[in-house]
Amino acid sequence: MMKFTHCLGLLVALVHGGSGLEAPSILISRDASADAVLDQLAVGVKLFSNRDYTMVECPEELAGKSFVRTSIAGTLFQCTEPGVIAVYTPNPANNADSIATNLIAQGFLRNSQPSFQLMLSGAANTVEGYEKTLEQGEWVEIPKWGIVTGVGSMAIQPSLAAIPAQVITNPSPKYSSSARRFQGIPSMAVAPSGRLWTVWYGGVGPTEDEFNYVIAATSSDGGTTWSDEKLVVDPDGVGTVRAFDPQAWVDPNGTLWIIWAQTIGHDSSVAGTWAITTDQPDAENPVWSDPVRLTDGIMMGKPIVLTTGEWVLPAAVWGADNSCRMVVSSDQGASWQLRGAANVPSEYRNADEHMLVERLDGSLWMWIRTDYGIGESSSSDRGVTWSAVVPSDVQHTVSRFFIWRLASGNLLLVKHGGIDEDVGRTDLTAFISKDDGETWEGGLLLDDRAAISYPDGMQDADGAIYITYDRRRTTEREILMARFTEAEVESGTLTAANSALRLLVNKATYETLVFSETFTNPDPDAPLANIDWHANIGLDGMSVDTNNKGSVGPILSVSDYIFYRMGSSDVPVLSWTDKDDVDCIGPIGYVDTVSLKLRNDDAAEDLKVALKVNGSWFVSQAVLNGTANAVVSLDVQSAAWNSLDFVPDSQLVEGGAAALPAAGAVQAIGIFDAASTSGSAVRIDNVTVETVP
């Protein structure tokens, strides 16, 4: 994506009213901020979401036309339905920042609209129009000072990363510990009455990828035992958007916040920090709010509350100048505004996982993950401006640390190794500072094993300190915690009866078998034709109720979910698993082997495995002969496939060769019976899916 370097490049993009095309639907991608809204052009209307510039002249031809008010920083959008837009930019003769050349390069042509004064005053802010017909799927980049506009009911969609995620309070087995190949990066919060909440992220993929989702678990006994998954935040299943880097926090009002980042890949330019809240943090199954986007960027440090009563989020836009942001709420979380930011020099930038401390003298102190360990910066004006980032006296590996103000007024620091050591991601140790971070005392070793990282925690009302961290995210896949006191940090030894180390919060036990379903057989030995089973799709793509010998009936009308094809006609039938809670069996790229146990009245009948991937059906070219009361297996990745279509006013038709999609979800698995012998039937007893090791 190009950098927006124009200082005064002013433009307005309008859907042209004279064309015969409808106004295009536009998918906003560059500006995913929550304040992007539709408005209508008129004198006095505000043009940008983060500036007060208003329209000073509105030609009659443009009056009332819709536009999208976004940030002045520019926007990138995709046309999802065809249409015509006109873009208004300063006259090249009057303003060197005109983007007329840029627009022409994108295929725009000068339109007949006379120049007019868009905003402010002076010739530099008179504009002229350029027009283009957009095709479906076409991307258009509007540089700095751009306004994307439209006519009438133009549909504006947020970027995929800006669509609220699913908040699942009763997660299905696909979100269980046994289904996660990767997990780590936890955070912990303590509810007012002592209930603990830990959040982390993981997924069915082997690493930090598009399959990531956020998990929450809770404990009512101080962390000795933990619930299974109480909550999952998943943007789009196995889609392109991931949820990651969560934080758990209890605000001064006793409200529990679960906060996470959401983006596509690792692109922080479209990343947003999102949250859900509950005012029932001590309940095992609280009621949660809808997701709300708080600010741009990714937040890996805990929020803090200043002595002024302001709440502060440390959010970052990785890889950018002034990435280490301080985002402030003066209305107890109802709204958030960027106040200021520290800048890590580009040669030292890493993940910018910064944390904030308010010093006893009222100044603010920022600690930042850098390529050399920990950088630091200070602000004496409540976060508006920040000093240059310099290396801290505290040595550290390139990894997250945790710093927090305790109830005693002392500071707690959890890091790897001693204060003067860079030991890698091992020897997680807690220290205390009694002089506001000038010196550090004690040293309680929490865990001396390798590949431990990302400490986070809180202190309860009785003074107990809880720290959570991860261990070996792709092998052991453990979320752990330590429970200790401030005095034990100073002494370096556990002495309290309730203190403990290496408590297990959650362990992902992923196996290659990721999906298994055995169907309930009322009478396994009864003749197939005598049992109340149902086939799914038959003639014209409709359900077939086998009890009624081919008449149309409901899908899944009984609870057995056993499907078979009756042989009263030669209509091809597809029978498959499609329970409500199996909306995604797994990502297609990780599915290795599909196995089905079948009961078949005709062992010579030709059957094929069928997969539904991203809403489309595929059928194996290989046939499965001799399948009476047998388990048949298919290597999905090496098998050859054909398409499977539903032809209107006809029946199921097996098409030509078709490659499985490279990415996406396997939504259902079944058996395709192309030409059954009259009177025979096929039953699916169970289905299992294994992924690549």
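The values are calculated or read from the model by the stated rules, or taken from the named source; none is laboratory data. Remember, predicted model here, so these are calculated numbers, not experimental data. Virtual Cβ from ideal backbone geometry, glycine too; neighbours counted across all protein chains shown. Only protein heavy atoms, including side chains, enter the accessible area calculation; ligands, DNA and RNA are left aside. Shrake-Rupley method; radii C 1.70, N 1.55, O 1.52, S 1.80 Å.
The figures follow:
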{"item": "Cα-based equivalent ellipsoid of the range 48-104: semi-axis lengths in Å, sorted from largest, via gyration tensor", "result": "19, 17, 15"}
{"item": "Two-site label geometry, Trp139 and Thr308: point separation in nm, points 7 Å out along Cα→Cβ", "result": "3.9"}
{"item": "Cβ-defined net charge surrounding Arg471, 15 Å radius [Lys, Arg +1; Asp, Glu -1]", "result": "+2"}
{"item": "Estimated FRET transfer efficiency when R0 is 51 angstrom, pair Asn322-Ser643 (beta carbons, to 0.05)", "result": "0.50"}
{"item": "Kirkwood Rh and Cα Rg combined as Rg over Rh, evaluated for the range 228-283", "result": "1.03"}
{"item": "The range 213-265, relative contact order [Cα under 8 Å, separation at least 6], %", "result": "30"}
{"item": "Cβ-based net charge around Gly44, under 13 Å, with every Lys or Arg adding one and every Asp or Glu removing one", "result": "-2"}
{"item": "Inter-label distance, nm, simple model (7 Å from Cα along the C-beta direction), Glu441/Asn253", "result": "3.8"}
{"item": "Contour excess over end-to-end distance, with Cα ends at Gln280 and Asn614 and 0.36 nm allotted per residue", "result": "116.5 nm"}
{"item": "Of all accessible heavy-atom area on the range 370-508, the percent that carbon and sulfur account for (1.4 Å)", "result": "47"}
{"item": "Label-point separation, Val692 to Thr509 (7 Å along Cα→Cβ), nm", "result": "2.6"}
{"item": "Two-decimal ratio, the range 182-261, of alpha-carbon radius of gyration to 2.2 N^0.38 Å", "result": "1.12"}
{"item": "Label-reachable residues, the range 62-94, where backbone N falls under 16 Å from a point 7 Å from Arg51's Cα toward its Cβ", "result": "68-76, 88-91"}
{"item": "FRET efficiency, Ala124 to Thr240 (Cβ-Cβ, R0 41 Å, nearest 0.05)", "result": "0.50"}
{"item": "Relative packing of 476-486, 459-469, 274-284, which averages over residues the other C-beta atoms within 10 Å, highest first", "result": "476-486, 459-469, 274-284"}
{"item": "Computed FRET value (nearest 0.05) for Ser491 with Ala663, which takes r as the C-beta separation and R₀ as 51 Å", "result": "0.45"}
{"item": "Reciprocal of mean inverse Cα separation for the range 326-378 (Kirkwood radius, Å)", "result": "12.4"}
{"item": "The range 184-328: mean projected area of Cα convex hull, nm²", "result": "9.0"}
